[in-house]
Each structure stands twice: as C-alpha cells, then as structure tokens.
Amino acid sequence: MKLLNEYLERAVSLEKLAAGEQDSTFKTQLLNQAAAYRKLAAKRALEYGLPPPSPPEDPPQP
C-alpha cells in the first residue's frame, strides 16, 4: 500500500510543478512523468484489488 500512496504523491507533486512551469518542453516532460507515476499507481491498485486512482484535478496542459 505504501508504494501506491508514494506513486500518487509523486504524480501530484510533478503536476503542481508543471502547472507553474513556463518552459513548454519541460512542462511536457513533467506531465509525462506524472502520467507514468499515475500508471504505476493504477497498476498497483489493481494488484491490491482497489479501484483505480482518480485522474488529476485539473487536466494537464502541455
């Protein structure tokens, strides 16, 4: 369960960083990393028999 929470926390952290980023290339990279962590969290949730995590609060804007 610990990894699931860590993956989601990392995704949210990266999404927050991306929200304030002016460089569009770097912003896209941050959002891609966040999406990868959300994918890992969804996989872990499935392994634990839990519902998938909720999507990001604000849709990412590359």
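Nothing in this text is a laboratory measurement; each read-out follows from the coordinates by a stated rule. Worth saying up front: this structure is predicted, and the values here are computed from it rather than measured. Ideal geometry is used to build each Cβ from the backbone, glycine not excepted, and the neighbour counts take in all protein chains shown.
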Which ³J(HN,Hα) values, rounded to whole Hz and listed in residue order, are derived for the range 13-21 from phi using the Karplus coefficients 6.51, -1.76 and 1.60 in 6.51 cos²θ - 1.76 cosθ + 1.60 with θ = phi - 60°, glycine and proline given as x? 4, 5, 5, 5, 4, 5, 4, x, 7
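Run lengths n ≥ 4 of DSSP H only: what is the helix-derived mean residue ellipticity at 222 nm for the chain, with -39500 (n - 2.57) per run over all residues, to the nearest 500?
That comes out to -24000 deg cm²/dmol.
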Given C-alpha coordinates of the range 2-48, what is the ratio Rg to Rh with the Kirkwood estimate of Rh? 1.06
Tell me, what ³J(HN,Hα) does each residue in the range 2-11 have, in order and in whole Hz, if you take phi through Karplus 6.51 cos²θ - 1.76 cosθ + 1.60 with θ = phi - 60° and put x for Gly and Pro? 4, 4, 4, 5, 5, 4, 5, 4, 5, 4
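Where in the range 1-40 are there GluC sites (Glu not before Pro) that are in a DSSP coil and have at most 16 other Cβ atoms within 10 angstrom of their Cβ?
Listed in order of number, the matching sites are Glu21.
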